[in-house]
Amino acid sequence: MVASRHAYRVNSPLSDSELASFPCSYSTAENLLTRSQVSAMDRVLVTGASGGVGSAVVQLAKARGAEVIAITSGSKMSGILDLGASTAISRNDDLLTVLGHNSVNVVVDLVAGSQWPVLLDVLQPGGRYATAGAIAGPHVSLDVRTLYLKDLTFFGCTQLEPSVFSHLIQSIETGQIRPLVASTFPLEQIARAQEMFLAKKFMGKIVLTLD
């Protein structure tokens, strides 16, 4: 049971398993894009694009009309392009060589780590940086001069305004985004689901089902 204020009606032909893949990762993604005010005028760079949140960012940014550039592993680039990214870049590539300085207006970062300063290098003056993850490491090096000389804006994105989830539901109901369910397992096979998760050869979400 949940309080009524936390329950939302969704009118959709999607299955329970498909709908279950949306709330956490897609609401986080929608919040990142809302906070950084992504629109059809923007060129958006997404790190960690093959994960649950990253793949949701790709779809939702595309639905807003933005040009999406996605960073992922080489084996998952084709799948990311199918989701709507205009360009897919291997995480092993030199980002400055591929994109150049001042080449995007928004960075949605779920990775952080040692390559973090390069993300600011590719941001245009007046650019926006939004983050809700640090899977490559939470400690980064910042030259504060880059922040103020390029007039950048940073967004840490955790808390959601109610309008964020409502807008996400609209995107689901109108078919602007699609669920990305890699596999489903009955709850008693959770060990198999964990093995698949640890192998990291999938895109999207793994769903556990109850009989």
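We did not get these values from a lab; they are worked out from the coordinates using the rules stated. What you are looking at is a predicted structure, and each value in this text was computed from that prediction instead of being measured. Every residue, glycine as well, gets a Cβ built from its backbone with ideal geometry; the counts of neighbours run over all protein chains shown.
Identify the trypsin sites (Lys or Arg not before Pro) of the range 1-100 meeting these criteria: DSSP loop state and at most 11 other C-beta atoms within 10 Å of the C-beta.
When the trypsin sites (Lys or Arg not before Pro) of the range 1-100 are filtered for loop state and at most 11 Cβ neighbours within 10 Å, 9 remain.
Hey, can you grab everything whose amide H is under 5 Å from the amide H of residue 70? Only 5+ residues off in sequence or another chain; H modelled, so Pro and N-termini drop out.
46, 87, 88, 89
By how many nm would the segment from residue 11 to residue 153 lengthen if fully extended, with 0.36 nm per residue of separation less the alpha-carbon distance? Walk me through the numbers before you get to the answer.
Numbers: separation 142, 0.36 × 142 = 51.12 nm, distance 3.65 nm.
Stretched fully, the residue 11-residue 153 segment lengthens by 47.5 nm.
What net charge do the residues around residue 149 carry, taking every other residue with its C-beta under 13 Å from that of residue 149, with Lys and Arg at +1 and Asp and Glu at -1?
That sum, taken over residues with Cβ under 13 Å, equals -1.
Per residue of the chain, what 222 nm ellipticity follows from adding -39500 (n - 2.57) for every DSSP H run with n ≥ 4, rounded to the nearest 500?
Mean residue ellipticity, 222 nm, calculated: -10000 deg cm²/dmol.
Collect residues whose amide H, placed 1.01 Å from N in the peptide plane, falls under 5 Å from the amide H of residue 209; neighbours closer than 5 in sequence don't count.
185, 187
Just subtract the alpha-carbon distance of residue 173 and residue 4 from 0.36 nm times their residue separation and send over the number in nm, one decimal. Don't skip to the end; give the middle numbers.
Details: separation 169, 0.36 × 169 = 60.84 nm, distance 2.02 nm.
Result for the pair: 58.8 nm of gain on full extension.
Calculate one ³J(HN,Hα) per residue across the range 50-58 by plugging θ = phi - 60° into the Karplus curve 6.51 cos²θ - 1.76 cosθ + 1.60, and present them in order as whole Hz with x for glycine and proline.
8, x, x, 6, x, 5, 5, 4, 4
Between residue 143 and residue 202, what is the FRET efficiency for a Förster distance of 25 Å, r being their Cβ-Cβ separation, to the nearest 0.05?
Approximately 0.10, to the nearest 0.05.
Between residue 177 and residues 5 or more places away or on another chain, which pairs have amide H atoms under 5 Å apart, with H built 1.01 Å from N, and which residues are they?
The answer is none.
I need the fraction of alpha carbon pairs in the chain separated by more than 23 Å, rounded to a whole percent. Write out the running numbers ahead of the final one.
On the way: 10169 of 22155 pairs.
Everything past 23 Å amounts to 46 percent.
Please compute the modelled spin-label separation between residue 191 and residue 78, points set 7 Å along Cα→Cβ, answer in nm with one decimal.
3.3
Taking 7 Å along the Cα-to-C-beta vector as the label spot, tell me the residue 160-residue 209 distance in nanometres, rounded to one decimal.
For residue 160 paired with residue 209, the spin-label model returns 2.4 nm.
With unit charges on the beta carbon (Lys/Arg positive, Asp/Glu negative), name the residue among 147, 163, 206 whose Cα is farthest towards the positive pole of the charge dipole of the range 111-211.
Checking the options against the dipole of the range 111-211, the answer is 147.
About its Cα centre, how strong a charge dipole does the chain have in debye, to the nearest 20, once Lys and Arg get +1 and Asp and Glu get -1 at the Cβ? Display every interim value, and only then the final one.
Details: 16 positive and 17 negative charges, 20 e Å.
Computed charge dipole of the chain: roughly 100 debye.
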